[in-house]
Amino acid sequence: MALGTVLLAVGPGDADRIDRLAEETIDIAGPSDATVVLGHVFTDEEYAESLDRLGFDTTSGEVSPDDVASRHATIRELIGQLDEASVEHAVGGAIGGHGDSIVGLAEKADADLVIVGGRQRSPAGKAVFGSTAQEVMLSAPCPVTFVRADTS
């Protein structure tokens, strides 16, 4: 399978695993010269909070989810790491339910692979990755790679 576009789904819970997500994404996308789309999904509440926190002037015109995602700290940190590794990238933002919106971003980007992060679960929880990751794995239009957070 040739990789042209990889969607790296980034959410509010991924701040503590940015380095691991970047490392895995670079290892996958770098050798195939794939473009990485950094996808950040906001719920309505998260979007409103981000607009305020990032100082967007919503009175001067429409602000897109792509604009807000581009200024988000986790996305900026990932951009720095991708730039350092000479991996081409773009940013996509969306507002809505995390799982559905990640799938929508994958479809919009015509992604060949989606990368999602997650955390270690209790023994009972290991059977289910988590609602967002599970929804993406079951609904994505392409293969999905799950990156578990470091346990160290």
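The values are calculated or read from the model by the stated rules, or taken from the named source; none is laboratory data. The model shown is predicted, which means the values in this text are computed figures rather than measured ones. All Cβ positions, glycine included, derive from the backbone under ideal geometry; neighbour counts span all protein chains shown. These accessible areas exclude ligands, DNA and RNA; they are computed on the full protein's heavy atoms, side chains included. Shrake-Rupley method; radii C 1.70, N 1.55, O 1.52, S 1.80 Å.
Assorted remarks:
- Hits in segment 1-57 - residues which are without any contact (Cβ under 8 Å) to a residue 12 or more places away in the chain and either assigned to a loop (DSSP other than H, G, I, E, B) or surrounded by 19 or more Cβ atoms within 10 Å (Cβ to Cβ) (or both): Pro31, Gly55, Asp57
- Filtered by the rule that a residue be open to solvent by 30 Å² or more (accessible area, probe 1.4 Å) and part of a helix (DSSP H, G or I), segment 77-103 gives Glu77, Ile79, Gly80, Gln81, Asp83, Glu84, His98, Asp100.
- The number of residues in segment 66-76 that are open to solvent by less than 90 Å² (accessible area, probe 1.4 Å) and over 21 Å from Ala133 (Cβ atoms) comes to 5.
- Index of the failed condition, Leu82 passing every other in (1) within 11 Å of His40 (Cα to Cα); (2) touching a residue at least 60 places away in the same chain (Cβ under 8 Å): (1)
- Inside segment 67-115, residues that are at pLDDT 95 or above and on the phi > 0 side of the Ramachandran plot make up a count of 2.
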